[in-house]
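Asker: Take this structure first; my questions come after.
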Amino acid sequence: MTLTFDLGAVEVARLLIGMTLLVDGVGGMIVETEAYERDDPASHSFRGLTKTNGAMFGPPGCAYVYRSYGLHWCFNIVTRNHGAVLLRALAPEHERTIMEVRRGSTRHLCDGPGRLTQALGLSKIHDALPLDGAPFTFVAKAVTPEIIAGPRIGITKAAERPWRFGLDGSPFLSRPFPTRG
DNA sequence: GGGGCGATCTTCT
DNA sequence: GAAGATCGCCCCT
């Protein structure tokens, strides 16, 4: 398939919903993402280059992996103009047993950015790696998904921007979306 | 099902 | 010294 991440972060965040991501064959369908733009106080690229965010200033289509709250990892896809898309949840469909071993549980395998990276074995060593080759595999979606949008989670700056996207009705979301009217 | 809290790294004030 | 794109455990309901 032709796959480009050289688009705006919001556009990429929507495109990813329903696609399948595998890391060394482990993973599943992406059901929840968040967009972070360059001109976005909540984005790690907002304040410019630091020691840890260099991948966001590299080419689109690479990984940006950073440590969260000192002990978890979060996995992003770098997009156009120093934006990024945070992967927040997957449906744990492929190699589920491996994910259960890594997580030490049979539940909550990929519903949350820190849990997702643990289940897929992602860490600092994947930071800045291109996503169009090993160990990453992206599989196109078979159908057009119903996408729901809402405020991003766990941030205080620009919290009003509705840049969290999810597969409507999925049981694998990290949190429910605010109900629509 | 949900609130409070501790763990621990990096940046910024 | 504080805050942050988090999570698991404990306790309560």
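Asker: Restricted to the range A:93-113, and to residues that are more than 14 Å from A:Ile30 (Cβ to Cβ) and touching a residue at least 60 places away in the same chain (Cβ under 8 Å), which residue is farthest from DNA strand B (Cβ to nearest atom)?
Answerer: The extreme case among them is A:Glu95.
Residues checked against (1) away from DNA strand C (no atom under 14 Å from the Cβ); (2) open to solvent by 10 Å² or more (accessible area, probe 1.4 Å); (3) in a strand (DSSP E or B):
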{"site": "A:Thr4", "(1), (2), (3)": "yes, yes, no"}
{"site": "A:Leu7", "(1), (2), (3)": "yes, yes, no"}
{"site": "A:Glu11", "(1), (2), (3)": "yes, yes, no"}
{"site": "A:Leu22", "(1), (2), (3)": "yes, yes, yes"}
{"site": "A:Gly27", "(1), (2), (3)": "yes, no, yes"}
{"site": "A:Val31", "(1), (2), (3)": "no, no, yes"}
{"site": "A:Asp39", "(1), (2), (3)": "no, yes, no"}
{"site": "A:His44", "(1), (2), (3)": "no, yes, no"}
{"site": "A:Arg47", "(1), (2), (3)": "no, yes, no"}
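Asker: Next question. Could you list, in sequence order, all residues of the range A:96-122 that are among the charged types (D, E, K, R) and over 16 Å from the mean Cα position of the chain (by Cα)?
Answerer: Result: A:Arg96, A:Glu100, A:Arg102, A:Arg103, A:Arg107.
Asker: Next question. Only one of (1) touching a strand residue (DSSP E or B) at 6+ places or on another chain (Cβ under 6 Å); (2) in contact (Cβ under 8 Å) with a residue 24 or more places away in the chain; (3) surrounded by fewer than 17 Cβ atoms within 10 Å (Cβ to Cβ); (4) within 25 Å of A:Phe57 (Cα to Cα) fails for A:Arg164. Which number is that?
Answerer: (3)
Asker: Could you say which residue among A:Ile125, A:Ile148 is open to solvent by 40 Å² or more (accessible area, probe 1.4 Å), of a type in the set (A, V, I, L, M) and over 15 Å from the mean Cα position of the chain (by Cα)?
Answerer: Of the residues listed, the single one that is open to solvent by 40 Å² or more (accessible area, probe 1.4 Å), of a type in the set (A, V, I, L, M) and over 15 Å from the mean Cα position of the chain (by Cα) is A:Ile125.
Asker: Ok, one more. Test each condition in (1) touching a strand residue (DSSP E or B) at 6+ places or on another chain (Cβ under 6 Å); (2) without any contact (Cβ under 8 Å) to a residue 12 or more places away in the chain for A:Asn76 and report the one that comes out false.
Answerer: (2)
Asker: Give the residues of the range A:55-67 that are touching a Pro at 6+ places or on another chain (Cβ under 7 Å) and either in a loop (DSSP other than H, G, I, E, B) or surrounded by fewer than 18 Cβ atoms within 10 Å (Cβ to Cβ) (or both), sorted by residue number.
Answerer: Hit for the range A:55-67 is A:Gly61, nothing else.
Asker: Residues of the range A:65-81 being within 7 Å of DNA strand C (Cβ to nearest atom), out of contact with any Phe, Trp or Tyr (no Cβ under 8 Å at 6 or more places or on another chain) and of a type outside the set (A, V, I, L, M), which ones?
Answerer: A:Ser68, A:Tyr69, A:Gly70, A:His72
Asker: Let me ask another. Among the residues that make up the range A:101-122, is at least one of them of a type in the set (Asp, Glu) and open to solvent by 30 Å² or more (accessible area, probe 1.4 Å)?
Answerer: no
Asker: Name every residue in the range A:129-145 that is open to solvent by 50 Å² or more (accessible area, probe 1.4 Å) and either within 16 Å of DNA strand C (Cβ to nearest atom) or touching a strand residue (DSSP E or B) at 6+ places or on another chain (Cβ under 9 Å) (or both), in order of residue number.
Answerer: Across the range A:129-145, the qualifying residues are A:Leu129, A:Pro130, A:Asp132, A:Thr137, A:Val139, A:Ala140, A:Lys141.
The values are calculated or read from the model by the stated rules, or taken from the named source; none is laboratory data. Keep in mind that what you see is a predicted model, and the values were worked out from it rather than measured. All Cβ positions, even for glycine, are placed from backbone atoms using ideal geometry, and neighbour counts span all protein chains on display. Side chains included, ligands, DNA and RNA excluded: accessible areas come from the protein's heavy atoms. Shrake-Rupley method; radii C 1.70, N 1.55, O 1.52, S 1.80 Å.
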